[in-house]
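Here, each number is a calculation from the coordinates, and none is a lab measurement. Quantities reported herein were computed from a predicted structural model and do not represent experimental measurements. Counting neighbours? That spans all protein chains shown, and the Cβs are built from the backbone with ideal geometry, glycine included.
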Amino acid sequence: MESNPTRMCELLVGLPAVHILGIEDHEGEPLRVHIERAESRAGCPECGVVAESKGRSVVVLVDLPVYGRPSRLVWHKRRFRCLEVTCPNSSWTESDPKIAAPRMALADRTGRWVTEQVGRNARSVNEVAGELSCDWHTVNDAVVAYGSALVDDDLDRFGDVTALGLDEVLFARLGKWKRQHFSTSIVDVDTGQLLDVVPGRSGKEPMAWLNAQPQAWRDEVAFATLDLSGPYRAVFDACLPNAVQVADPFHVVKLANSKLDECRRRVQNETLGHRGRRDDPLWKVRRLLTKADERLDEPGREKLLGLLAAGDPKGEVKMTWHAKESIRWLYAHTDHDLALEFVERLSDDMADKDLPVEVRSLGRTLKRWKHQIAAWHTAQVSNGPTEAANNLIKRVKRAAFGFTSFRNYRIRALLYAGKPNWSLLKTIAPH
Ligand SMILES: [Zn+2]
């Protein structure tokens, strides 16, 4: 039996009124602290008649480490029987959510602690489970139960949003074929707060999410940012008809780079009849091509032009490279009307039938998205916060070594990048 008062206090921090019945200390095993509730009487929850005690049942809960050692709270729960003969409630076991939530394998204080360790500090579930000397599921179930409450029950987690962005994120590769599973992040583009994550990258789920928000909230959204994706455009057309749509510059430039890559591989194949090999000029030039022109020094630029002269007889890769650089120049403009004129002229030029097929395809995309692309210059919403939110999500994914369950992924991403109000962690009721 423990008698040192300081050590007694450490054992009881955060617990309601309990008696310590004894402590078991076996070498190499978690410390076992036996407790019972201080309150020994109970009324029948059905009829209120004072109940009769009818033995005990024992529940073992994973608890916080004490004196640097893993521990278990061994709760001796009283069983009761109703004395009222007409009452249908014959017997029950006492419960106390302050000790442990129903069906939870962790003590309540420990459930809150693991939620903060995993959710806020992005520690891996495995690492925290190791520290508590329990299994992965025990910790993960608690993070999901307390974490859901923290992100979903707090209706004030996010306020008005003036610039909202949709962005697809790969969250898992599942099964034998490593099939890719996507999700859509819904982000406050001004602050970088992750508002929510919904499954898939079609328009259906983001549309349902937006429709679930109050009309007044949707009316506040002045700018809606997106990649060059048709489904997200349809979502904004339908749910935020008054918001100015803004194409994310990062994705515009990315598209130009991927067209350049396509062209390089096609020309490589047409001229040499095989995929790029180490000594092929078009293979050697691949990194220089996607690098921003102003970052190339003079020798780099000469090397690029030399390799293109050697591997690109019709100048097709060079033309596509010029197209990519022109698109990058678009963002040097600061005036909306000039930018729109620039995109229009550029997409017309790119329609020339003598240009490589990749440039013409790029031109058609620019034409289809010209208003969204030029709107960037009106909105001046920075891409930074969305990228910051995406980087946080990536960090969560690394800590988790990839997710297999969308629910786990959503809760973890929101705990880390959704700016939950952590001061509520003490009071929320786990799901
Ligand atoms: Zn009763």
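Overview of values
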| read-out | value |
| --- | --- |
| Using alpha-carbon coordinates, inclination of helix 249-272 to the longest axis of the chain, degrees | 60 |
| Choice from Gly276, Gly130, Gly28 showing the highest fluctuation, given a GNM over the chain with Cα pairs closer than 10 Å | Gly28 |
| Sequence-distant residues sharing a close amide H with Ala100 (under 5 Å, placed H) | Asp108 |
| Crossing angle, helix 370-379 versus the chain [Cα axis fit, 0-90 degrees, rounded to tens] | 60 |
| The range 288-431: projected area of the alpha-carbon convex hull, averaged over directions, in nm² | 14.1 |
| Exposure proxy order (Cβ contacts within 10 Å, fewest to most) of Met207, Met104, Met350 | Met207, Met104, Met350 |
| Top of Glu344, Glu36, Glu298 by mean-square fluctuation, Gaussian network on the chain, Cα under 10 Å | Glu298 |
| Under the Debye formula (equal points on every Cα, no solvent term), log10 I(q)/I(0) of the range 42-182 at q = 0.12, 0.14, 0.16 Å⁻¹ | -0.73, -0.86, -0.96 |
| Full-extension gain in nm, His431 to Arg345, via 0.36 nm per residue minus C-alpha separation | 25.3 nm |
| Segments 246-254, 299-307 sorted - mean Cβ within 10 Å per residue, highest first | 246-254, 299-307 |
| Selected from Tyr331, Tyr67, Tyr409 as most flexible by GNM, with the chain as the system and alpha-carbon contacts under 10 Å | Tyr67 |
| Alpha-carbon gyration tensor eigenvalues x 5, square-rooted, for the range 1-100, Å | 32, 13, 11 |
| Computed magnitude of the charge dipole of the chain (debye, nearest 20; Cβ of K, R +1, Cβ of D, E -1) | 1500 |
| Computed label-point distance, nm, for sites Arg398 and Asp25 using a 7 Å Cα→Cβ extension | 4.1 |
| Phi to ³J(HN,Hα) by Karplus 6.51 cos²θ - 1.76 cosθ + 1.60 over the range 123-136, Hz, x for Gly, Pro | 7, 7, 4, 4, 5, 5, 4, x, 5, 8, 6, 9, 8, 4 |
| Residue exposure sequence - Glu325, Glu116 - by fewest surrounding Cβ within 10 Å | Glu325, Glu116 |
| Convex hull volume per residue in cubic angstrom - Cα atoms of the chain | 219 |
| Flagged links, alpha-carbon separation over 20 Å, of Lys204/Lys254; Lys54/Lys77; Lys259/Lys394; Lys178/Lys419; Lys314/Lys367; Lys254/Lys367 | Lys204/Lys254; Lys259/Lys394; Lys178/Lys419; Lys314/Lys367 |
| Sequence-separation-based contact order of the chain, relative, with Cα cut under 8 Å and 6+ spacing, percent | 15 |
| Ala42 long-range amide H proximity, modeled H, under 5 Å | Ala51 |
| Exposure proxy order (Cβ contacts within 10 Å, fewest to most) of Val343, Val74 | Val74, Val343 |
